[in-house]
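The values are calculated or read from the model by the stated rules, or taken from the named source; none is laboratory data. Not measured: the values here are computed from a predicted model. Cβ: placed from backbone, ideal geometry, glycine included. Neighbour counts: every protein chain shown. Keep in mind that these areas ignore ligands, DNA and RNA; they rest on the heavy atoms of the full protein, side chains included. Shrake-Rupley method; radii C 1.70, N 1.55, O 1.52, S 1.80 Å.
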Amino acid sequence: MPEAPKITQKATDYNLELKNKKTLQLIEDMTSNADEVQKNVLQEILSSNAHVEYLKTHGLNGRTDRESFKNIMPVITYEDIQPSVERIANGDTSPIICSKPISEFLTSSGTSGGERKLMPTIEEELGRRSLLYSLLMPVMSQFVPGLDKGKGMYFLFIKSEAETPGGLVARPVLTSYYKSSHFKNRPYDPYTNYTSPNETILCPNSYQSMYSQMLCGLCQHKEVLRVGAVFASGFIRAIKFLEKHWRLLCNDIRTGTIDSQITDQSVREAVMNILKPDPKLANFIKAECSKDSWQGIITRLWPNTKYVDVIVTGTMSQYIPTLDYYSNGLPLVCTMYASSECYFGVNLNPLCRPSEVSYTLIPTMAYFEFLPVQRNNGVSNSISMPKTLNEKEQQELVDLVDVKLGREYELVVTTYSGLYRYRVGDVLRVAGFKNKAPQFNFICRKNVVLSIDSDKTDEVELQHAVKNAVNHLLPFDATLAEYTSFADTTTIPGHYVLYWELSLNGNTPIPPSVFEDCCLTIEESLNSVYRQGRVCDKSIGPLEIKIVEPGTFDKLMDYAISLGASINQYKTPRCVKFAPIVELLNSRVVSCYFSPKCPKWFPGHKQWSNTN
Ligand code: AMP
């Protein structure tokens, strides 16, 4: 996740080489002394928070050593701290979980009860996030020289915020970061020389923000050395935007004026500093964009691009073929691994293949522990909820430097902002070590079956949503015999597909509008991150129900058994990914229906009065 600069003047005394060297040395030091650093981090967190209610209630009594901490403090999930979070959200400013004032809530894309989880944070965490960002380019510069000689074209956006009843702001971590002075007023750095002026990133209107960032990116096309967005899905959305709006953009470049739909005055002014009438460039863009094929459009329009900087690990790997197509196979670079709870680590070998990406956890970010996990190979078939750990399991957590090569673990963090032994929900595999610090492949987020953008839908949510929808079938004496789902990313934006096999007992045909109502009911029942993606960000397309022929799910079972599944243990997978299975389902579709409109969504939690 890159940063954009405020300052464009080159400082004459800027010694890039020295700065890079120092940063790389810092990584060497932190990773060589990982255990010592972790011990100190825990001590620092526990001593500064010795008197907070949460630690006192559990009886830690001011102890700061690892052994007492591990013996006394439980390993928890969000639901365990939700009562504390609610008190803080409602205005209780006493030191409940942290001695420092909670400055705001970061709204996670992970949800609880259908609403975004609220992660309390403190002002100083911004410094830790900045530190992690500052490691990225010195690492990259070892592999791709000369990146200081040009610009990065990154599509970065802020999202809407809400206010808690107690008056704290609740917003996504990147919105918080982009709006902070760490981002807006950062000192000169040639690596944060971006095509998007801050005003275009900070524009709350997503169309105007995207349009102006694209316009600035096109105007400076020869200077662009790298392109990106946070997630792969976001970058592809930008390309799709260009496909739809290139004529308007060309017109602006030809005339040196900005389209009247861009009404944000600060955006107009910032763009006017860059935009000059350039008919030659407009003709060039027009010629490229009107070609039948958009293969390699990135390298055609931005010919000096060396790599695409987007996260393609985890569920984002589904976008790799599309990115390869648009970029003509440029390296796809995943630089970092982070969350609302805390920023975790960086990729020290950024030019490696996406399937080989590993993140080195930075030991100063938080105190990390690892819960060993045994996964059933492949897709999980049953509805699983995070279970409370018994005492023995709590003892099994290992420290950062004690994880074993090849083993998988669930990440547990203790942060400076008041999370203690908190299960993040990510499963990681140890891929190697940088000095003493382990490097992890991101394996998956626990329980997530469907994801298109930052939405994460688990089996329980899906089941609940489907249950609500099938009520529409009752008047027709029809029931749902079986179902499964698929995240279809061949459309842009991607969308959820549900395959339904029906048992029809009545004679009345079911009109298409009933299935469309089913689609909408499912969408209305899904969590707020999904609905925000549909309504506000337009990052998810309308949900689709595909009705399949009777007997399709028997065929699916036959196929799974032919691949070695046990008949006795076979359960219908509630989500499919394996291409032959998707093909099998698609070959037996009799009709398709889409959600006719967007579900309802409002910023903030449903129980708050919203600010915008
Ligand atoms: P959020 O709290 O909404 O910022 O989401 C954080 C989650 O996004 C993490 O816990 C991961 O599940 C996922 N995530 C973040 N960075 C990466 C990455 N580099 N690769 C795969 N998943 C990631």
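What single numbered condition from (1) in contact (Cβ under 8 Å) with a residue 24 or more places away in the chain; (2) open to solvent by 40 Å² or more (accessible area, probe 1.4 Å); (3) part of a loop (DSSP other than H, G, I, E, B) fails to hold for SER539? Unmet condition: (2).
Going residue by residue through segment 501-508, is there one that turns out to be among the polar types (S, T, N, Q) and under 21 Å from the mean Cα position of the chain (by Cα)? No; the residues of segment 501-508 include none that is among the polar types (S, T, N, Q) and under 21 Å from the mean Cα position of the chain (by Cα). Within segment 555-569, the residues that satisfy the criterion of being open to solvent by less than 90 Å² (accessible area, probe 1.4 Å) and in contact (Cβ under 8 Å) with a residue 24 or more places away in the chain are LEU556, TYR559.
Which of the following residues is under 19 Å from GLU163 (Cβ atoms), away from the ligand (no atom under 16 Å from the Cβ) and open to solvent by less than 30 Å² (accessible area, probe 1.4 Å): ILE45, ILE88? If you could, list the steps in order and put the result at the bottom.
Values: ILE45 fails: under 19 Å from GLU163 (Cβ atoms).
Going through ILE45, ILE88 in turn, just one is under 19 Å from GLU163 (Cβ atoms), away from the ligand (no atom under 16 Å from the Cβ) and open to solvent by less than 30 Å² (accessible area, probe 1.4 Å): ILE88.
Within segment 300-318, the set of residues being of a type in the set (S, T, N, Q) and surrounded by 16 or more Cβ atoms within 10 Å (Cβ to Cβ) comprises THR305, THR313, THR315, SER317, GLN318. Taking the criterion of being open to solvent by 10 Å² or more (accessible area, probe 1.4 Å) and within 16 Å of the ligand (Cβ to nearest atom), no residue of segment 517-527 qualifies.
It is to be established whether one or more residues within segment 159-169 are under 18 Å from THR23 (Cβ atoms), at pLDDT below 95 and either within 16 Å of the ligand (Cβ to nearest atom) or open to solvent by less than 10 Å² (accessible area, probe 1.4 Å) (or both).
From segment 159-169, those under 18 Å from THR23 (Cβ atoms) are none; that's our starting set.
Scanning segment 159-169, I find no residue that is under 18 Å from THR23 (Cβ atoms), at pLDDT below 95 and either within 16 Å of the ligand (Cβ to nearest atom) or open to solvent by less than 10 Å² (accessible area, probe 1.4 Å) (or both), so the answer is no.
Of all the listed residues (LEU118, LEU126, LEU132), the sole one being surrounded by 15 or more Cβ atoms within 10 Å (Cβ to Cβ), hydrophobic (A, V, I, L, M, F, W, C) and in a strand (DSSP E or B) is LEU118.
Keeping to segment 135-158, report how many residues are away from the ligand (no atom under 16 Å from the Cβ) and crowded, with 22+ Cβ neighbours inside 10 Å.
Let us first name the residues in segment 135-158 that are away from the ligand (no atom under 16 Å from the Cβ), namely 137-138, 141-153, 155.
Within this subset, residues satisfying the condition of being crowded, with 22+ Cβ neighbours inside 10 Å are 137, 151-153, 155.
Of the residues in segment 135-158, 5 are away from the ligand (no atom under 16 Å from the Cβ) and crowded, with 22+ Cβ neighbours inside 10 Å.
Residues that are within 25 Å of LEU46 (Cα to Cα), in contact (Cβ under 8 Å) with a residue 60 or more places away in the chain and not hydroxyl-bearing (Ser, Thr, Tyr) were ranked within segment 101-117; the one that is farthest from the ligand (Cβ to nearest atom) is ILE102. For segment 398-438, a tally of residues being more than 29 Å from ALA50 (Cα to Cα) and under 20 Å from the mean Cα position of the chain (by Cα) returns 3. In summary, GLY533 fulfils each of the numbered conditions (1) outside any loop (DSSP other than H, G, I, E, B); (2) closer than 27 Å to LYS606 by Cα; (3) touching a helix residue (DSSP H, G or I) at 6+ places or on another chain (Cβ under 8 Å) with the single exception of condition (3). The residue pairs whose first member lies in segment 174-199 and is aliphatic (A, V, I, L, M), whose second member is not in a helix (DSSP H, G or I), and whose beta carbons are closer than 7 Å, counting only pairs six or more residues apart or on different chains, are LEU174/MET1; LEU174/VAL230. One residue alone among GLU53, GLU79 is open to solvent by 80 Å² or more (accessible area, probe 1.4 Å) and modelled with pLDDT of 95 or more, and that residue is GLU79.
Where helices (runs of 4 or more DSSP H) sit wholly within segment 258-370, those with at least 1 residues that are within 16 Å of the ligand (Cβ to nearest atom) occupy 320-327.
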